[in-house]
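Bear in mind these aren't lab numbers, they're just calculated from the coordinates by the rules spelled out. Model, not experiment: these values are computed from the prediction. FYI the Cβ positions are ideal-geometry reconstructions off the backbone, even for glycines, and counts take in every protein chain you see.
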Amino acid sequence: MAAGPYSDETLWTADITRLVIRVMEDVNLTFDTLSGDTHALNFLSAAVIQVLSSGKETFASAAPRVLETIGMEESDCPKGLIKDTILQLDEAGLVIPARGGE
Amino acid sequence: MEHFRRLGDVPYPELAQSLKDGCLEMSLGPFSKRLKANNSQVTEFLQDAYRDVPVRTKLGDITDVAVTIKSPSWFRQYVRRQVVADPGFIVPAVPLPVRLSALSFEMGLNLAVALKCCRLVSFHAAVVGNEKGAIFISAHSGGGKSTLASALMVEGYRLFSDEFGLLDMSNSLLVPYPRPVSLKGDSINIVRDFTGADWLTPVLSDTPKGDIAYRRARPSDIEEADKKLSSKLIVFPVFTKGARPVAKELAKSEALMRLIPSSTNYHLLGQGGFEALTAMVAGARSYEIQYGNTDDSMKIVKDLAAGVGL
């Protein structure tokens, strides 16, 4: 799941400037210029990266912003799914915990 | 400076001496190669499988790759003779009996191109094309890409490449590299039946990959090796003996993610490789085809090709 230890208070961030994103059909093909890896991201993952690249967020604070970005209600996209998505993106190296909870 | 000549026009003694001296320069597609071998089997294989390829017997320029076929040790020059391909850098290479020198040469040349090519995105694929565009065939070894490429050649498509799909990063066009088509096992007889025996080299038996023969590129394939094309159709053939023929269209993202693991250098090329691959996939339709015999795969691919205007 996650690449390292985390808690509900962990702040997460993303650096979208290192990503090259090409939308193909409904998939965000994302090239990470730092790792050289290519990822096929769905709309939720892409929205999480977009939100975390504009500010550091916990799971709880990221959720409403992600829902606003994708235009969905929590009933359609539970907070647990957003948390799982952040952890999967952490494992892929596309989001990282902000140092020292800054 | 010596001009390039058709390899088949070079007298055997001159060719053998040039190879022995490590001075044979071969120009094919995007690569020039310096070849060295003191080995009559390599000389005879080149005269047969590469007879229409331009060469010069005295080095006239710096080459992209250099391949030497040599004995793995002094001892193996004389006792149970073996050869190994030296692509000019350290890489594990299996010594083969001297009777398989042609296979050693082909493997060595594949290795040199796959690992030293940094100007083009290189994929393990076969590519054929006509004036309207190219068909990119991506399959694991044994997936039938060489048989399918050979069959499409009979239908009038020109051979771009068998082991390599080469993508130009500057314009996302596929680059021809018409080396002989490598045929294994049952595909040798299948291809011999529809091309005629004249187009195939003698069979190398009991190699580590089973029986192998090579289908020579036609002179027209070699003459047009500077004409690049965009990919219009990408197919991922899956051979299952006796299977009913089925074609399933793939999402572009899935096609792209399938192609990445088949590249030998994608991870070395960075953003340029990503951009070129994305553009190639965006401009083509992609299908996985399952089939049980060559006739079925041909019918499917011809239908799909017609559907994209090829």
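When A:Asp8, B:Asp48 are ordered from fewest to most other Cβ atoms inside 10 Å of their Cβ, what list results? Could you put the intermediate results ahead of the total?
Numbers: A:Asp8 8, B:Asp48 17.
So the residues, fewest neighbours to most, are A:Asp8, B:Asp48.
Send over the Kirkwood Rh of segment B:86-228, from the inverse of the averaged 1/r over different Cα pairs, rounded to one decimal Å. Averaging 1/r across every pair of different Cα atoms and inverting gives 15.7 Å.
Straight-line cross-link partners of B:Lys132 among the lysines, defined as a Cα under 22 Å from its Cα and at least 8 positions apart when in the same chain: B:Lys145, B:Lys227, B:Lys228, B:Lys232, B:Lys252, B:Lys299, B:Lys302.
DSSP beta bridges fully contained in chain B are about 75 percent antiparallel.
May I ask for the Rg/Rh ratio of segment B:5-116, computed from Cα atoms with Rh as the Kirkwood radius, given to two decimals? If you can, show how the numbers build up before the last one.
On the way: Rg = 13.1 Å, Rh = 13.9 Å.
Dividing the radius of gyration by the Kirkwood radius yields 0.95.
Scanning chain B for long hydrophobic helices, with DSSP H runs required to stretch 18 angstrom or more by C-alpha along their axis and to average at least 1.0 on the Kyte-Doolittle scale, returns B:101-116.
Taking every residue in B:263-269 and counting other chain Cβ atoms within 10 Å of its Cβ, the average works out to 1.
In what order do A:Glu57, B:Glu275, A:Glu68 fall by count of nearby beta-carbon atoms within 10 Å, going from fewest to most?
Least to most surrounded, the residues fall as A:Glu68, B:Glu275, A:Glu57.
Set the Förster distance to 22 Å, then compute FRET efficiency between A:Asp84 and A:Thr33 from the Cβ-Cβ distance, nearest 0.05.
On the way: r = 26 Å, r/R0 = 1.17.
Efficiency, from the Cβ-Cβ distance: 0.30.
Per the Debye calculation on segment B:224-301 with a single equal scatterer at every Cα and no solvent contribution, log₁₀ I(q)/I(0) for q = 0.13, 0.17, 0.25 Å⁻¹ amounts to -0.49, -0.77, -1.12. Averaged over peptide A:20-31, the number of partner chain Cβ atoms lying within 10 Å of each residue's Cβ comes to 5.
Evaluate Rg over Rh across chain B, taking Cα atoms for both radii and Kirkwood's formula for Rh. Kindly include the intermediate steps, with their values, before the conclusion.
Numbers: Rg = 19.1 Å, Rh = 19.8 Å.
Rounded to two decimals, Rg over Rh is 0.96.
Quick one: putting +1 on the C-beta of Lys and Arg, -1 on the C-beta of Asp and Glu, what dipole do you get for the protein assembly as shown around its Cα centre, in Debye to the nearest 20? Before the final figure, lay out the partial values.
Working: 44 positive and 49 negative charges, 324 e Å.
The calculation lands at about 1560 debye.
Take the Cα of B:Val94, go 7 Å toward its beta carbon, and the backbone nitrogen atoms of segment B:108-150 under 16 Å from that spot belong to B:108-111, B:141-142.
Here each label is just a point 7 Å from Cα along the line to Cβ, and for B:Asp303 and B:Lys58 those points are 5.9 nm apart. Rounded to the nearest whole Hz, the Karplus-based 3J(HN,Hα) values (6.51 cos²θ - 1.76 cosθ + 1.60, θ = phi - 60°) of segment B:173-180 follow the sequence 9, 7, 9, x, 8, x, 7, x, with x at glycine and proline. From the alpha carbon centroid of segment A:7-52 to that of segment B:210-283 is 27 Å. Residues B:His3, B:His267, arranged from fewest to most other Cβ atoms within 10 angstrom of their Cβ, appear as B:His3, B:His267. Assuming R0 = 51 Å, can you tell me the calculated FRET efficiency for the pair A:Ala98 and B:Ser262, based on Cβ-Cβ distance, to the nearest 0.05? Efficiency at R0 = 51 Å is approximately 0.85. One way to sum up the overall shape of segment A:12-93 is the equivalent ellipsoid from its Cα gyration tensor, whose semi-axes run 20, 14, 11 Å, largest first.
When segment B:5-116 is described by a simple charge dipole with +1 on each Lys and Arg Cβ and -1 on each Asp and Glu Cβ, the residue from B:Pro54, B:Leu7, B:Leu111 located farthest towards its positive end is B:Leu111. By the Kirkwood approach, averaging reciprocal distances over each pair of separate Cα atoms, the protein assembly as shown gets a hydrodynamic radius of 23.7 Å. Annotation: extensible slack from B:Asp211 through B:Ser141 equals 23.8 nm (criterion: 0.36 nm per residue apart, minus Cα-Cα distance).
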